[in-house]
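*Asks:* Sharing a structure, written as structure tokens. Questions coming.
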Amino acid sequence: MHRTYTRPLIRLQAPMPARRAGQARQPKIIICKVALEPRAFPDLKGEFVGAYTTYVFPKNMSLHALTAVINSRLMRFLYRLLYDALAMSGGYLRFQPPQVRRLPIRTFDTSNPVDEARHADMVTKVNSMLEAKNQLTHAKTDKDKGYYISKCATLDRQIDRLVYDLYGLTETEIQTVERQR
């Protein structure tokens, strides 16, 4: 299973505190609260809520781009560096607001044409990933499933490359990140 853009959620139905219900109805990023690596999903219409999740409401970045950064190999690598000592049994990590707030998120400089193009490319690739994941869930044949699994893996690599470029990583630094599990 690919690491990005899965929906471990249910549609909002059950009663909950008013503040949480209000948050659930907003566009947001939903992150699994306990996982082996960051798992973020953009809720573009504010239609999902999840138990054991953390909500992120980006202010300086699009939902698509921030989801890509959070789900990237680089953020997985950095999260392990920061919080591996806090890992629970089986290597599971907590993705709660105090930890998520400390992530070194680099935003796009929209006045910079290179950053603007990178952002547009990232949004396009995240949309393609969401569509491929949707098609994968509806694929009926093994051939179709294989196609969409391969497409998701390719998009994962392309998005990771965009994130490496966003952070200005060298090839040596990228190799260090890629060598981690």
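The values are calculated or read from the model by the stated rules, or taken from the named source; none is laboratory data. In this text the structure is predicted, and so the values were computed from the model without any measurement. Cβ sites come from the backbone with ideal geometry, for glycine too, and all protein chains shown count toward neighbours. Keep in mind that these areas ignore ligands, DNA and RNA; they rest on the heavy atoms of the full protein, side chains included. Shrake-Rupley method; radii C 1.70, N 1.55, O 1.52, S 1.80 Å.
*Asks:* How do the peptides 20-31, 139-150, 158-169 rank, highest first, by the average count of neighbouring beta carbon atoms within 10 Å per residue?
*Replies:* Highest-to-lowest ranking by the protection proxy: 158-169, 20-31, 139-150.
*Asks:* OK, next. Write down the accessible area per residue of the chain in Å², having rolled a 1.4 Å probe over the full set of protein chains.
*Replies:* 56 Å²
*Asks:* Measure up Lys33/Lys143; Lys45/Lys140; Lys59/Lys145; Lys28/Lys125; Lys33/Lys59 against 24 Å on the Cα-Cα distance and list the ones that go over.
*Replies:* As for pairs spanning more than 24 Å Cα to Cα, those are Lys33/Lys143; Lys45/Lys140; Lys59/Lys145.
*Asks:* A further question follows. Can you tell me the FRET efficiency between Asp165 and Gln135 if r is taken as the Cβ-Cβ distance and R0 is 22 Å, rounded to the nearest 0.05?
*Replies:* Once rounded, the FRET efficiency stands at 0.20.
*Asks:* Then there's this: Going 7 Å from the Cα of Leu82 along its beta-carbon direction, which residues of region 20-48 have the amide nitrogen within less than 14 Å of the resulting point?
*Replies:* What the label zone holds, given the 14 Å backbone N cut-off, is 37-39.
*Asks:* Please work out whether region 104-181 counts as rounded, prolate or oblate from its C-alpha gyration tensor, where a ≥ b ≥ c are the square roots of the eigenvalues and a/c under 1.5 means rounded, while otherwise a/b larger than b/c means prolate and anything else oblate? Mind showing how you got there, number by number?
*Replies:* Numbers: a/c = 3.47, a/b = 1.61, b/c = 2.16.
Verdict is oblate for region 104-181.
*Asks:* At 7 Å along the Cα-to-beta-carbon direction for both Ser128 and Asp115, put a label point, then send me their distance in nm to one decimal.
*Replies:* Placing both labels 7 Å along Cα→Cβ, they lie 2.4 nm apart.
*Asks:* Taking springs between alpha-carbon atoms closer than 10 angstrom, which of His64, His138, His119 fluctuates most in the Gaussian network model of the chain?
*Replies:* His138
*Asks:* Given only helices, namely DSSP H runs of n ≥ 4 each adding -39500 (n - 2.57), what is the per-residue ellipticity at 222 nm of the chain, to the nearest 500 deg cm²/dmol?
*Replies:* My calculation for the chain gives -16500 deg cm²/dmol from helical runs alone.
*Asks:* Still on this model: I need the calculated FRET efficiency for the pair Ala51 and Ala153, taking r as the beta carbon distance and R₀ as 41 Å, to the nearest 0.05.
*Replies:* Working: r = 29 Å, r/R0 = 0.71.
Using R0 = 41 Å, I get an efficiency of 0.90.
*Asks:* A further question on this structure: Which percent of the accessible heavy-atom area of the chain goes to carbon and sulfur, probe 1.4 angstrom?
*Replies:* Of the solvent-accessible surface of the chain, carbon and sulfur hold 53 percent.
*Asks:* Oh, and also: Projected area of the chain, taken from the Cα convex hull and averaged over every viewing direction, in nm²?
*Replies:* On the way: hull surface 46.7 nm².
Averaged projected hull area, Cα only: 11.7 nm².
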